[in-house]
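Here's the structure, in structure tokens; my notes come after.
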Amino acid sequence: MPAIEASARHLTRAYIYLDNLTHNLRLLQSLAGSAAVWPVLKANGYGHDATIVASHLVRQGCHTLCVADVEEAVSLVDAGVKASFLILSATLPQHSEALVAYGCEPVVCTLDMVESLAGAASKAGRRLAVHLKVDTGMGRLGIRPEDVLSFLDRCRDFPSLRIRALMSHFPRADEADKSYSVEQLARFRQAITMIQDHGIEVRHMANSAALFDIPASHFEAVRPGIALYGLRPSSTIANPSANRLKPVLQWKTQITFLKEVPAGVGLSYGHAIHTENPSVIATVPVGYGDGLQRNLSNRLEVLVRGVRCPQIGRITMDMSLIDVTTLRGRVMLGDEVVIIGRQGTEEITADEMAAKLGTINYEIVTSISHRVPRLAVAATK
């Protein structure tokens, strides 16, 4: 039998708009000024397909990309993405050979890892660049600011390593009150002052929120994540430039079945809802197996022919139901259904969906299942 691409088999798809990705990158670069923009592509490019996103960003001139772990870097290198990869998560000694072999730049904050990386680099005849992480208040990874100098002194015992950068991370930069972030920044600056004679080339700390609202944190490089994909880090970002972000992802499916249903009929598992009037009900091939969370059942709206239509009944693993009664006589099999994105003058956003679940837009886009094909919509220029 002839092979059929997965994107042709699966009617539920996520479309990645490269023009919007370019727009967001340029906006963020304008905010960063002379600082380099190091895009963050963790979790499959925040659910947008890391290979699609990385390939486009490299074409736009990005040379350093940030990922969560060595496996994400290896996947991108094997896919032909030519860039330097900063590994943001902590690694263990068993990762050292792969980190060296693939030329990654790992974050370090333990001497055990420094020693392991140095041994692997020496064995391979290479000098590996690493980034020293300082915990200025995130409480997750990093050494204390007061320990930076002694840590660097120990690193001098390993000539196969080069401390390229000093870095830290904000946990509260997306809040309206920036006082804690300002304190963090002061602690980071103190650490910088302590090591000014150590030849460290780069300091980086700013995430998306800090890139918008804390310009003093930009230093030589910034690490935008969620904003790159056109989503606001939070609703409290003060910089009006955040309003110019353009969502990169649209999530769509199609109607596969239509039926007239009389009043009083229970729908889907558990009959959690019954029709109140004669209704037109559409079935769409998207469910919690695709990342459409079950807790959205009877709380979600989608777009059909530019009209908001309610999802009804419990969302199941592979299918969901939509009440399209308002479109009776106009709706057809194969009609496009927008879960996230724009249709006509209406738009449904990841933020809207997140608010209904009491979560953040990050979780919405990263939760879209791997079985949903991501299709790049080519840039127009």
Please specify each residue of region 33-46 satisfying the condition of being outside any loop (DSSP other than H, G, I, E, B), more than 17 Å from the chain's Cα centre (by Cα) and surrounded by 20 or more Cβ atoms within 10 Å (Cβ to Cβ).
-> none
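So that you can scan it fast, the table gives a plain yes or no per residue for (1) closer than 18 Å to Leu65 by Cα; (2) out of contact with any strand residue (DSSP E or B) (no Cβ under 7 Å at 6 or more places or on another chain):
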{"position": "Leu161", "(1), (2)": "no, no"}
{"position": "Arg172", "(1), (2)": "no, yes"}
{"position": "Arg187", "(1), (2)": "no, yes"}
{"position": "Ser217", "(1), (2)": "no, yes"}
{"position": "Gly225", "(1), (2)": "yes, no"}
{"position": "Ile255", "(1), (2)": "no, no"}
Name the residues in region 260-310 that are basic (Lys, Arg) and either free of Cβ contacts under 8 Å to residues at least 24 places away in the same chain or touching a His at 6+ places or on another chain (Cβ under 8 Å) (or both), would you?
-> Arg294
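Listed here are the residues, each with its yes/no results for (1) open to solvent by 10 Å² or more (accessible area, probe 1.4 Å); (2) assigned to a strand (DSSP E or B); (3) at pLDDT 95 or above.
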site: Pro310; (1), (2), (3): yes, yes, yes
site: Ile322; (1), (2), (3): no, yes, yes
site: Arg342; (1), (2), (3): yes, yes, yes
site: Lys356; (1), (2), (3): yes, no, yes
site: Ile368; (1), (2), (3): no, no, yes
site: Ala376; (1), (2), (3): yes, yes, yes
May I ask you to list the residues in region 248-267 that are assigned to a loop (DSSP other than H, G, I, E, B) and touching a Phe, Trp or Tyr at 6+ places or on another chain (Cβ under 7 Å)?
-> Val248
Filtered residues of region 71-90 (kept if touching a strand residue (DSSP E or B) at 6+ places or on another chain (Cβ under 6 Å), open to solvent by less than 20 Å² (accessible area, probe 1.4 Å) and either hydroxyl-bearing (Ser, Thr, Tyr) or part of a helix (DSSP H, G or I) (or both)) | Ala73
Scanning region 140-180 residue by residue, those at pLDDT 95 or above, small (Gly, Ala, Ser) and outside any strand (DSSP E or B) turn out to be Gly142, Ser160, Ser168, Ala173, Ala176, Ser179
Please go through region 281-296 and pick out each residue that is under 15 Å from Leu267 (Cα atoms) and either modelled with pLDDT under 95 or open to solvent by 20 Å² or more (accessible area, probe 1.4 Å) (or both).
-> Arg294
Please state which one of Ala216, Ala121, Ala129, Ala210 is surrounded by fewer than 23 Cβ atoms within 10 Å (Cβ to Cβ), in contact with a helix residue (DSSP H, G or I) (Cβ under 8 Å, 6 or more places away or on another chain) and closer than 27 Å to His63 by Cα.
-> Ala216
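Based on this model, can you work out whether Val53 counts as assigned to a helix (DSSP H, G or I) and open to solvent by 10 Å² or more (accessible area, probe 1.4 Å)?
No.
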Just one of the numbered conditions (1) open to solvent by less than 20 Å² (accessible area, probe 1.4 Å); (2) at pLDDT below 95; (3) hydrophobic (A, V, I, L, M, F, W, C) is not true of Met194; which one?
-> (1)
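Could you grab me the full set of residues in region 133-155 that are closer than 14 Å to Asp112 by Cα and either of a type in the set (A, V, I, L, M, F, W, C) or touching a strand residue (DSSP E or B) at 6+ places or on another chain (Cβ under 9 Å) (or both)?
Gly142, Ile143, Phe151, Leu152, Cys155
The values are calculated or read from the model by the stated rules, or taken from the named source; none is laboratory data. Not measured: the values here are computed from a predicted model. As a convention, Cβ positions derive from the backbone with ideal geometry for all residues, glycine included, and neighbour counts pool all protein chains shown. Protein only, heavy atoms only, side chains kept; ligands, DNA and RNA dropped before computing areas. Shrake-Rupley method; radii C 1.70, N 1.55, O 1.52, S 1.80 Å.
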